Amino acid sequence: EHTIYLKDYAPSPYKITAVDLDFRILADTTRVRALLTIEPQAETAPGTPLVLDGDGLKLSSVAIDGAPLALVAYAADDNGLTIIEPPLRRFVLETEVTLKPEGNLKLMGLYRSSGTWCTQCEPEGFRRITYYLDRPDNLATFKVTMTAPRDLAPVLLANGNLVGQGDAGDGMHFAVWEDPFPKPAYLFALVAGDLGSITDSFTTASGRKVDLAIYCEHGKEDQCLWAMDSLKRSMAWDEKRFGREYDLDIFNIVAVSDFNFGAMENKGLNIFNDKLVFAQPATATDADYENIERVIAHEYFHNWTGNRITCRDWFQLCLKEGLTVYRDQEFTSDERSRAVKRISDVVTLRSAQFPEDGGPLAHPARPDQYREINNFYTPTVYEKGAEIVRMLATLLGEAGFRKGMDLYFERHDGEATTIEAFLAVFAEANGVDLEQFKTWYLQAGTPRLTMSDSYDAVSQTYTLKLSQETLPTPGQLTKQALVLPIKFGLIGPNGSPMGWSAVSGGEVRDDMIVLREASAEITFKGIANKPVPSLLREFSAPVNLDTNLTQDDRLFLAQHDSDPYGRWQALQDVATALAVDAATGKPWSDAAVAGLSRAMADTLANKDLDDAFKALALGLPGEAVIGRTIGKDIDPARIHEVRNALTKAVFGPLGRDLLIAYTNLSSTLPYQPDAASTGRRALRNRVLALLVGSEAAGASALAASQYAEATNMTDRYAALTILGSAWTAEAPTVLADFRTRFTANPLVFDKWLMVSALAQDEGVLERIKAILAAPDFPKSNPNRLRSLLGSFVMSNPAQFTRPDGTAFRFITDVVADIDTRNPQVAARVLTGFRIWQMLEPQRREAARSALTALQAGGKLSRNTADILARMLA
Ligand code: B3K
Ligand code: ZN
């Protein structure tokens, strides 16, 4: 299978400047006629063939400037169309192909979702619609004519503005859309279907009125209101925070039920997985509301970071994704609580990106090679990509960062560009050198930052020794030192911040150390007492931090750090150290457990902390975090037991406080999705989880009654998850009730699937098998598959990694089956194996044998074969 390298990038010898597409959509086939205005580049030599991408297209005719082409003048195969000797001037290439959207189960190109025709083109789906230069550096204007049966598709949408519509006879009608902004083909979209909608409008800062609409299945219109509200807030925020206005007169969103990922930022016509649109209190949780808000914002923000300025090639994916994730994180921080958002993002980064970065699938945020680009829409490109942009903002300060962004928009609007160009505007606008900083984009792996400190009372000096190391990753054996912005503070014995009279040995700017070397020794003078350092405040760099702090130091930080992230992290560190000890055979110190218990009680009682923060602080580190801290030969079942035991030891003594808090936090007000109400529910449900987790008397009955009496999905689902994961005596009944109660709602069915997959008992695998084997299980729907299988492999480590290998083999068999229909979903499920080399020998062997059997089994898609090959390399 051939590999594509960044170093081989070359501009195309021809460019397509204008596209005129004509879709004739019939019940079972769609005919696409394309008129492409093509020009050779100035330096293109005569006789250079024009090679267009195509994927599984059925060609019926080819013409140039209206004259049909002789058979010898072109060659078409499954991968494209070559015009052997195109004219060396501007010309119009006309092709006609026939598609079968109904049979398109890969959900790339033109396909049908519950009867609606829709498209997904990023990254390489447009070539499944027509022959094209399907690469992001070819920008063209698009005109799209769609003709379809009026009864099946009364709604006809494409990018840009509607410029014509009418009757086409024989029960057909048509619409013509024009997008004035040149764009790469991956941003093309059309939708044809029988859909309902809600409409609204937004007036931009400069006074232009934009018509907004969200389209969905009939009858679900009232579930789109939150998404619309989120859209309007996103539009206002991008004006205020980044000075970016929307540019077309129309912005449409369409919700579809079969979609390979979250959503797609097609110009003026975003297409969404319906789970990221539909919300009402009875069926969506607070987490769903927040996710919808976040993804609506993310796709909207792409209009500037992604669409107006796009990527030169797919190696640059994180140019648009990392930056846009950073932007959506900032949006959520401004709309809700910055501290809580930061902590949640750190949790996500650690649970999704760190395992990738430390395993066989590790790759740089800007990869330099790929076999299958779809496999690079990863936590590294998205989440680490966002961390890199965040570090840039931290290093340059808010104003400096904004100067760079302004220059980026000014200089590169309308271009397809690179990470180098992105960094250059920040360097130029701020007069700084970002050469070393660029390594963040090029180097894979999570750096380990090690700190040890010492205090000398006689000279009143305090010294921090810092060093960084990044371990080798596949294909990158040697690593460079990175620029690490380390926000910090020194805290005196009374809990207040300490200053210093002088500092030497490193770059220290106010509250930030900038470490550029492999190691540094920084000395602070004029320090009257031994301080406790709070390092990496706000998690200012995506690293693993090792310190010589004692459990008491950490408990001190948990109480006194002025940085909420720092307080949260301190509690996590105390708990992680205890869990690691217990899991590796060292009994934990009762004093430390008691200390953590008291710190948790103080946190719960603290009137200055908000509920959402407390909900996070009162959670123990996840099993994966504990596993990664142990680092090798891990036994996930043991970690699971230890974590349960720690929950009991720490929160058992707090039973009374927890019960009181639970009661005090209840509310009879109608559901509201705002941050304060969300925080209160989060804390109350956390408290319930702790009561059940510490086996407090009557706790699971309490959860069962919360389940039964809940007036919103947040509370009902929380109770269900708590009972379902612990698989208490009530679990089977409650799960059965949930299933029948929401039988008609596929998105709630997904919640049932997730809880079913997360159960921690031995029976879970057999139950999953039975669910999947049911004749009516929708095996082609990505949401259903991911809810059941994705949750199992990613979030139920103890059962997924059973030492007998039964779950490994089940998953590889299922992956092989899904792969015949939808390679993207199959490859994604397979990535659950990325932790396999960290497991203890018996489990490791079982995983290896399942993976090698899958490889031996024969024909796999390029997506799945690529993941598998890297996993086994
Ligand atoms: N740009 C799309 C992701 C496309 C994924 C293709 N496998 C959505 C987003 O990141 O906003
Ligand atoms: Zn994105």
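The values are calculated or read from the model by the stated rules, or taken from the named source; none is laboratory data. Bear in mind the structure is a predicted one, so any value in this text is a computation, not a measurement. Every residue, glycine among them, receives a Cβ derived from its backbone with ideal geometry; neighbour counts consider all protein chains shown.
Worth a mention:
- From Pro360, Pro364, residue being assigned to a loop (DSSP other than H, G, I, E, B) and surrounded by fewer than 21 Cβ atoms within 10 Å (Cβ to Cβ): Pro360
- Residues within the stretch 484-511 that are assigned to a strand (DSSP E or B) and charged (D, E, K, R), tallied: 3
- Selection count where residues are in contact with a Ser or Thr (Cβ under 7 Å, 6 or more places away or on another chain) and of a type in the set (A, V, I, L, M, F, W, C), scope the stretch 29-45: 2
- Some residue of the stretch 622-629 being among the basic types (Lys, Arg) and surrounded by fewer than 22 Cβ atoms within 10 Å (Cβ to Cβ): no
- Condition check for Glu387: surrounded by fewer than 20 Cβ atoms within 10 Å (Cβ to Cβ), charged (D, E, K, R) and at pLDDT 95 or above: no
- Some residue of the stretch 282-296 being among the aliphatic types (A, V, I, L, M), within 16 Å of ligand 2 (Cβ to nearest atom), over 25 Å from Pro670 (Cβ atoms) and surrounded by fewer than 24 Cβ atoms within 10 Å (Cβ to Cβ): yes
- Residue list for the stretch 367-383, filter: within 14 Å of ligand 2 (Cβ to nearest atom) and not in a helix (DSSP H, G or I): Tyr377, Thr378
- Residue satisfying condition, being away from ligand 1 (no atom under 12 Å from the Cβ), under 22 Å from Ile253 (Cβ atoms) and outside any loop (DSSP other than H, G, I, E, B), within set Phe331, Phe315: Phe331
- Matching residues, the stretch 118-161, being hydrophobic (A, V, I, L, M, F, W, C) and within 16 Å of ligand 2 (Cβ to nearest atom): Cys121
- Unique match (being in contact with a helix residue (DSSP H, G or I) (Cβ under 8 Å, 6 or more places away or on another chain), surrounded by fewer than 23 Cβ atoms within 10 Å (Cβ to Cβ) and free of Cβ contacts under 8 Å to residues at least 24 places away in the same chain) among Lys403, Lys341: Lys341
- Every residue from the stretch 600-625 that is without any contact (Cβ under 8 Å) to a residue 60 or more places away in the chain and under 22 Å from the mean Cα position of the chain (by Cα): Pro621
- For the criterion of being at pLDDT below 95, over 29 Å from the mean Cα position of the chain (by Cα), crowded, with 19+ Cβ neighbours inside 10 Å and not basic (Lys, Arg), Ala661 fails.
- When the residues of the stretch 10-54 are filtered to those that are charged (D, E, K, R) and more than 23 Å from Leu88 (Cβ to Cβ), the one that is modelled with the lowest pLDDT is Asp28.
- Test set (1) within 22 Å of Asp674 (Cβ to Cβ); (2) free of Cβ contacts under 8 Å to residues at least 24 places away in the same chain - Thr305 fails condition number: (1)
- Residue ID - surrounded by the fewest Cβ atoms within 10 Å (Cβ to Cβ), chosen from residues in the stretch 232-281 that are over 23 Å from Pro123 (Cβ atoms) and free of Cβ contacts under 8 Å to residues at least 40 places away in the same chain: Lys240
- Filter result (of a type in the set (Phe, Trp, Tyr) and within 32 Å of the chain's Cα centre (by Cα)) within the stretch 552-599: Tyr565, Trp568
- Meets criteria (farther than 30 Å from Asp170 by Cα, without any contact (Cβ under 8 Å) to a residue 24 or more places away in the chain and not in a strand (DSSP E or B)) for Ala10: yes
- Top-ranked residue of the stretch 300-310 - restricted to ones that are crowded, with 24+ Cβ neighbours inside 10 Å and assigned to a strand (DSSP E or B), ranked as nearest to ligand 2 (Cβ to nearest atom): Thr305
- For beta carbons closer than 8 Å, sequence separation of 6+ or different chains, a first residue in the stretch 630-642 that is more than 11 Å from Thr801 (Cα to Cα) and touching a residue at least 24 places away in the same chain (Cβ under 8 Å) and a second that is among the acidic types (Asp, Glu) and assigned to a helix (DSSP H, G or I), the qualifying pairs are Ile639/Glu623; His640/Glu623.
- Apart from one condition, Ala645 fits all of (1) closer than 19 Å to Gln572 by Cβ; (2) in contact with an Asp or Glu (Cβ under 8 Å, 6 or more places away or on another chain); the exception is (2).
- Selection status of Ala339, within 16 Å of ligand 1 (Cβ to nearest atom), modelled with pLDDT of 95 or more, part of a helix (DSSP H, G or I) and small (Gly, Ala, Ser): no
- Residue within the stretch 100-107 that is touching a Pro at 6+ places or on another chain (Cβ under 8 Å), modelled with pLDDT of 95 or more and within 16 Å of ligand 1 (Cβ to nearest atom) present: yes
- The residues in the stretch 822-873 that are within 16 Å of ligand 1 (Cβ to nearest atom) and surrounded by fewer than 19 Cβ atoms within 10 Å (Cβ to Cβ) can be counted, and the count is 1.
- Test: residue in the stretch 465-476 that is among the acidic types (Asp, Glu), out of contact with any Asp or Glu (no Cβ under 9 Å at 6 or more places or on another chain) and assigned by TED's automatic domain parsing to the domain that holds Ala393: no
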